[in-house]
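Notes to accompany the following structure.
The values are calculated or read from the model by the stated rules, or taken from the named source; none is laboratory data. These numbers come from a predicted model, not from an experiment. Don't worry about glycine lacking a Cβ; one is built from the backbone with ideal geometry, like all the others, and counts go over all protein chains shown. Keep in mind that these areas ignore ligands, DNA and RNA; they rest on the heavy atoms of the full protein, side chains included. Shrake-Rupley method; radii C 1.70, N 1.55, O 1.52, S 1.80 Å.
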Amino acid sequence: MAAQAVLRGSARARLLSGSFFGPASWQRYQNQRAFSNDKILVDLDEATGVAVMKMKNPPVNSLNLDFLTEFSISLEKLEIDCGCRGLILTSAVPKIFSAGLDINEMFGKSNEHYAVVGRAVQDMWLKLYGSNMVTIAAINGSVPGTGCLMALCCDYRIMADNPKFVIGMNETKLDISPPFWLKDTMVNTIGNRATELSLQLGQMYPAPEALKLGLVDKLVPEDKVQSTAAVAMSQWLSVPDHARQLTKSMMRKPAIDRLVKQREADINNIVTDVSKDSVQKSLQIYMDRLKQKK
């Protein structure tokens, strides 16, 4: 017993001093602690300047208020870290990237709560769409709704080549109209006409169709998504940061400025839309269907 106590104490001392891991492993452990939380796992490789952020909010990575808050915090920490130049966003949950905004956050709550959630989604979009980092979405599963928005915020999208995996904005099928900045993001990705058809019909696209439409940039086998994202990241980072960042800002700043100037009006529109009896009824029907599937 005494020997075991000595061993435990020694291991703990080495853990705290860093000698247990070795210099490189200890630095990675510190980085993981600095950027990660219960719902988001972050590993920053200081040698390459690339962070891998894995969403871990089972069963389907729903974007509830807590998750959105933690996501924005983790993203902001990476943004201000001078050693981080690129971010690979992916999922730690099999077969799903993110199921989008948690319906429970928008059903049966107060208008004040809807406003808080709306601001959290705005914050996520502003930080991710306007990030100075190279951002690559490694889409290893289906990604509807606000999850799709997260992917579209990234500079480059790699998706698993599985026809069972779908991507798209399906808000209108829940009787919810997408905000203008969501529309702007999609227009900037696939063009006006394709966006109009997609958003009005709430269409979800299998991976092969998503590639043809331009919602994703590349399809690869499921077991190659992460490695392909790493290769793509090295290509993006071969471009000098300053010129690339200025170019990105030039392309995205008009859409970002538009929301910044209209944030409160947008929140009011979200609250008015979601709180309608017809919308609440549609959400109730949708939630009942989900319960029946379980």
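Excluding L199 itself, calculate the net charge of residues whose Cβ lies under 9 Å from the Cβ of L199, where each Lys or Arg counts +1 and each Asp or Glu counts -1.
Values: positive: K183; negative: E171, E196.
My count for the surroundings of L199 gives -1.
The modelled label-to-label distance between S282 and T48, using points 7 Å beyond Cα along the C-beta direction, is 4.2 nm. Here K218 is the anchor, and the aspartates and glutamates within straight C-alpha reach of less than 12 Å, apart from those fewer than 8 places off in the same chain, are D161, E209. Is region 155-294 rounded, prolate or oblate when judged by the Cα gyration tensor, a ≥ b ≥ c being the square roots of its eigenvalues, rounded requiring a/c under 1.5 and prolate requiring a/b larger than b/c? It is oblate, given that a/c is not under 1.5 and a/b is not larger than b/c.
From most to least packed by mean Cβ count within 10 Å, the peptides 41-48, 285-292 give 41-48, 285-292. Amide H contacts under 5 Å for G168: V143, G145, C148, Y205, restricted to partners 5 or more places along the chain or on a different chain, H placed in the peptide plane at 1.01 Å from N. Residues C82, C153, sorted by accessible area with the largest first, give C82, C153 [1.4 Å probe; ligands and nucleic acids excluded]. At the residue level, V116 shows approximately 70 square angstrom of accessible surface with a 1.4 angstrom probe and all protein chains present. Taking label positions 7 Å along the Cα-Cβ direction at both T272 and V116, the computed distance is 2.4 nm, reported to one decimal.
K218 to T69: extension gain in nm, 0.36 nm per residue of separation minus the Cα-Cα distance?
On the way: separation 149, 0.36 × 149 = 53.64 nm, distance 2.97 nm.
So the extension gain works out to 50.7 nm.
Sorted on the mean count of surrounding Cβ atoms within 10 Å across their residues, most packed first, peptides 143-149, 216-222, 100-106 read 143-149, 100-106, 216-222.
Cα centroid separation, region 127-177 to region 75-123: 12 Å.
Taking the longest Cα principal axis of the chain as reference, the axis of helix 65-80 is set at about 60 degrees.
Here are some pairs, K212/K281; K183/K212; K54/K164; K261/K281; which of them have Cα atoms lying more than 26 Å apart in this structure? Going by Cα-Cα distance, K212/K281; K261/K281 fall outside the 26 Å limit. By the rule of a C-alpha distance below 13 Å, with chain neighbours fewer than 8 residues away ignored, the aspartates and glutamates paired with K248 are D155.
The peptide list 160-171, 271-282, put in order of mean Cβ contacts within 10 Å with the highest first, becomes 160-171, 271-282.
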